[in-house]
Amino acid sequence: MNTPSSHVTMPDRRRVGRSTLPDQRTLLSWLFVGRLVLAVGILLGAGLVWTERPRESFLVTVSVVVALVITGYGAWHVFLRSRTPGNGFLMVQALVDLGVVTTIVHFVGQPQSAFPALYVLAVAAYALLMPPAWGALTAICASALFLGDAFITRAGAPDTAFWAQVVVFNVVFAIVAVLGHRLREAGMEQETLATELKRVRLEADDILRNIRSGVLTVDGVGRLAFINPTGQRLLDLDGDGLIGMPVLDQLKGRSTELWAAVVAGIRNGRKISRGEGMVTHQGGRIFPIGLSTTTFRQEAQEAPSVTAIFTDISDLKEVQELQARAERLESVAALSASLAHEIRNPLASIRSSVEQLARSKHADDDERFLAGLIVRESDRLSRLLSEFLDFARVRATHLVPIDLHAVTVAAVRLIRAHPDCRADAAITVEGGRTILDGDEDLLHRVIANLVLNAVQNARGPIRIVVSVTAVQGAEIPHGTNLEHAVRLQVRDDGPGIPADIRERLFDPFVSGRPGGSGLGLAIVQRAVQAHRGLVLVDSGPGGGTTFTIFLPAKMMAEDAA
């Protein structure tokens with residue numbers, strides 16, 4: 001299978017991250033090997049002419065042995081001890097190599113051989129290994145050794161060819177030194193650039209793997225070029241198996257909005273800055289996403305590639321719904337307060353008048369019975385009006401540092417003594433000391449309402465767990481301005497919340513229990529909102545119910561005001 005042109009590939013490791021010159025250890029290994037080859041050749045040559053030139057052969061053998069010893073030490077120092085050779089060490093090695101070359105030139109004879117060219121190789125090699133000043137010293141030493149050997153072996157003054165060779169040594173050194181210096185600088189810049197590129201790639205890869213948004217790239221023919229782990233999870237796709245494969249059909253099956261955005265980018269280069277859509281998993285899970293796309297065109301690519309960034313915005317949508325619900329409750333609370341005040345006074349007058357009529361000597365038994373019924377219903381309406389006023393008066397008026405765990409323990413102790421608390425209700429409190437800025441009375445009512453609501457709705461034995469803990473970062477839902485929060489959670493294994501009232505659960509006068517006023521959870525919602533927090537609910541028929549409340553650990557001055 002051919003890899004698509006837009007597929008994201010790693011850079012060629014043979015070309016990135018290496019200098020334009022062989023590194024120092026490689027050059028030294030070449031020099032050591034070349035020295036060994038020359039030394040062996042010298043020993044063989046000395047052995048062949050030992051009887052004819054014994055004195056010279058002996059001196060050559062001694063010099064070769066010394067060179068071999070120094071070579072062994074150099075290899076041990078560089079390769080076994082892994083030490084970085086300094087300029088002094090390199091200069092010693094240069095002198096050894098120049099000595100070996102001089103021995104060959106002297107032993108063979110200058111005019112009749114091409115071995116003086118070895119001086120050029122030695123000078124060029126050490127010009128690459130050492131800074132220009134040390135390289136110049138190597139060239140001077142090479143010239144001096146060549147000149148000294150010439151005066152020893154020749155009776156007269158050196159000829160023009162000899163001086164030409166000396167000039168060549170120094171010209172080669174100058175050229176190689178300049179080029180080597182520039183190549184070293186270019187190599188260092190390339191290595192720095194490669195290191196920086198590698199660091200940026202690692203950082204980008206780490207970001208793409210850990211961000212909470214999905215990222216995918218589709219090339220101009222609809223093949224998947226890249227997808228990060230979050231994108232695979234959000235779309236329920238096997239990204240590794242789909243790289244380089246057509247992916248538009250899979251995208252259409254998961255999210256028609258995402259598919260349409262990608263297709264629009266491929267066909268006409270359209271970009272989307274802010275969009276929304278729905279994702280449907282094969283298991284049936286459906287959730288909203290926010291998405292944006294951008295396009296780019298690579299060389300030899302007819303249609304542009306499209307990169308899409310998408311995020312699960314379920315939490316954001318839920319927070320927005322909570323805020324809208326809080327606004328509706330605020331309006332209902334204002335209306336409830338007005339109605340309660342307007343109804344309470346006439347109701348009190350009606351009750352008082354009926355009581356007086358019932359005590360009249362002319363009232364018969366039927367009239368007294370009806371009067372008693374009116375009085376009882378008036379009292380019930382009065383209690384309901386009191387709940388209206390409680391609902392309307394929910395305000396966080398006294399925010400001080402409190403221990404929410406201690407408040408929870410006190411509220412649970414009160415519920416255990418409540419007449420409606422069942423004997424088979426097991427209520428436990430988890431967590432430890434947790435400090436936040438809050439109104440103790442309001443938070444006490446929140447916990448008591450939630451626990452009592454769970455007890456009253458149970459149809460049999462029930463287990464309730466109330467937990468308090470501090471949370472931050474990823475544990476806090478998106479769309480809130482909370483950085484450090486306290487989480488209060490009330491979980492039960494009861495019958496759950498019926499589906500027909502789940503969407504209206506926090507609305508006033510909505511109750512799943514016969515005889516309930518439907519204001520308990522509305523008061524909870526307003527009390528949490530008064531603390532600039534949010535309350536979430538998770539429930540299913542027969543699967544129990546979990547209320548999760550997030551409260552700011554520290555109330556800002558403007559929020560408290």
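The values are calculated or read from the model by the stated rules, or taken from the named source; none is laboratory data. Since this is a predicted model, take the numbers as computed values, not measurements. Backbone-built Cβ (ideal geometry, glycine too); neighbour counts: all protein chains shown.
Conditions: (1) touching an Asp or Glu at 6+ places or on another chain (Cβ under 6 Å); (2) over 21 Å from His478 (Cα atoms). Gly277 meets all but one. Number of the miss?
(2)
Of everything in the stretch 469-501, what is hydroxyl-bearing (Ser, Thr, Tyr) and either in a strand (DSSP E or B) or at positive phi (or both)? Give them in sequence order. Lay out the reasoning, then the answer.
Restricting attention to the stretch 469-501, the residues satisfying the condition of being hydroxyl-bearing (Ser, Thr, Tyr) are 469, 480.
Within the stretch 469-501, Thr469 is the sole residue that qualifies.
Taking the stretch 437-468 as the region of interest, how many residues are touching a His at 6+ places or on another chain (Cβ under 9 Å), part of a strand (DSSP E or B) and not hydrophobic (A, V, I, L, M, F, W, C)?
Of the residues in the stretch 437-468, 2 are touching a His at 6+ places or on another chain (Cβ under 9 Å), part of a strand (DSSP E or B) and not hydrophobic (A, V, I, L, M, F, W, C).
Per-residue answers, yes or no, for (1) in contact with a Lys or Arg (Cβ under 9 Å, 6 or more places away or on another chain); (2) on the phi > 0 side of the Ramachandran plot; (3) at pLDDT below 80:
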residue: Asn345; (1), (2), (3): no, no, yes
residue: Val375; (1), (2), (3): yes, no, no
residue: Arg380; (1), (2), (3): no, no, yes
residue: Leu389; (1), (2), (3): yes, no, yes
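Here's the yes/no breakdown for (1) part of a loop (DSSP other than H, G, I, E, B); (2) at pLDDT below 80; (3) exposed (fewer than 12 other Cβ atoms within 10 Å of the Cβ):
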site: Ser5; (1), (2), (3): yes, yes, no
site: Asp12; (1), (2), (3): yes, yes, yes
site: Arg25; (1), (2), (3): no, yes, no
site: Ala39; (1), (2), (3): no, yes, no
site: Ser57; (1), (2), (3): no, yes, no
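Can you give me the ranges of the strands (runs of 3 or more DSSP E) entirely in the stretch 262-323 with at least 3 residues that are of a type in the set (A, V, I, L, M, F, W, C), surrounded by 16 or more Cβ atoms within 10 Å (Cβ to Cβ) and touching a Leu at 6+ places or on another chain (Cβ under 9 Å)?
Here the list reads 305-312.
Mind checking whether some residue in the stretch 211-233 is among the charged types (D, E, K, R), within 19 Å of the chain's Cα centre (by Cα), modelled with pLDDT of 80 or more and on the phi < 0 side of the Ramachandran plot?
yes
Enumerate the pairs (first residue in the stretch 408-426 and touching a residue at least 40 places away in the same chain (Cβ under 8 Å); second residue anywhere and assigned to a strand (DSSP E or B)) with beta-carbon separation below 7 Å, excluding pairs fewer than 6 apart on the same chain, so at least 6 apart or on different chains.
Thr408/Val429; Thr408/Val466; Thr408/Val468; Val412/Ile427; Val412/Val429; Val412/Val466; Ile415/Ile427
If I ask for residues that are within 18 Å of Asp315 (Cβ to Cβ) and among the β-branched types (Val, Ile, Thr), which ones from the stretch 271-288 would you list?
Across the stretch 271-288, the qualifying residues are Val279, Ile286.
When you check Gly540 against the structure, is it under 26 Å from Val409 (Cβ atoms), at pLDDT below 80 and not polar (S, T, N, Q), yes or no?
no
Working carefully through the options Val446, Val490, Val471, find the one that is surrounded by fewer than 17 Cβ atoms within 10 Å (Cβ to Cβ), within 39 Å of the chain's Cα centre (by Cα), among the hydrophobic types (A, V, I, L, M, F, W, C) and at pLDDT 80 or above.
One residue alone meets the criteria, Val471.
What single numbered condition from (1) at pLDDT 85 or above; (2) buried (at least 16 other Cβ atoms within 10 Å of the Cβ) fails to hold for Val400?
Going through the list (1) at pLDDT 85 or above; (2) buried (at least 16 other Cβ atoms within 10 Å of the Cβ), Val400 breaks only (2).
Of Leu44, Leu118, which residue is loosely packed, with under 12 Cβ neighbours inside 10 Å, modelled with pLDDT under 80 and of a type in the set (A, V, I, L, M)?
Leu44
Can you list residue pairs whose Cβ atoms sit under 6 Å apart, with the first residue in the stretch 64-93 being assigned to a helix (DSSP H, G or I) and the second being buried (at least 16 other Cβ atoms within 10 Å of the Cβ) and charged (D, E, K, R)? Count only pairs 6 or more apart in sequence or on different chains.
Within 6 Å, the pairs are Thr71/Arg35.
Listed here are the residues, each with its yes/no results for (1) at pLDDT below 70; (2) on the phi > 0 side of the Ramachandran plot; (3) more than 48 Å from the chain's Cα centre (by Cα).
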| site | (1), (2), (3) |
| --- | --- |
| Met130 | no, no, no |
| Cys141 | no, no, yes |
| Ala155 | yes, no, yes |
| Gln165 | yes, no, yes |
| Arg182 | no, no, no |
| Ala186 | no, no, no |
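Would you be able to say whether some residue in the stretch 411-430 is modelled with pLDDT under 75 and either over 30 Å from Arg463 (Cα atoms) or touching a strand residue (DSSP E or B) at 6+ places or on another chain (Cβ under 6 Å) (or both)?
No, that holds for no residue.
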